[in-house]
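To start, the structure itself, in structure tokens.
FYI, it's all coordinate maths here, none of it is from the lab. It should be emphasised that the depicted structure is a prediction, and the values quoted were computed from it without experimental measurement. In this analysis, Cβ positions are derived from the backbone assuming ideal geometry, glycine residues included, and neighbour counts consider all displayed protein chains.
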Amino acid sequence: TPANAPEDDAPNRYSRTERTTYSRYSRDANSSGSSLPSNTLEKRIEELERELAKERQENARLMKMTQDKEELIGKLKEEIDLLNR
């Protein structure tokens, strides 16, 4: 179904973003002699990854709910058509 297409693409899109973000952090920390130690950044990245995972789960749940509702709407429309005949 077309509704699944964006979801299938999501892991690739996210992981690419995470990779570039991660490498950007590492570069900044090294070049600027940043006051933030790298382990602080790593902890922050882990936190963000956990948050992201939660949000992805919630997103998947909401997409499923939406699909279920759309199916139900379709069935109800068919029933209405039958009753109207």
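Once Lys and Arg get +1 and Asp and Glu get -1 on their Cβ, which of LEU83, ALA53, THR66 lies farthest toward the positive end of the dipole of region 37-84?
After comparing all options, I get ALA53.
Between ARG61 and ILE80, 0.36 nm times their residue separation minus their Cα-Cα distance comes to what? Please list the in-between numbers first.
Numbers: separation 19, 0.36 × 19 = 6.84 nm, distance 2.86 nm.
Additional length available on full extension: 4.0 nm.
Please provide three numbers in whole Å: the alpha-carbon extents of region 37-84 along the principal axes, with the largest listed first.
That works out to 70, 7, 5 Å along the principal axes.
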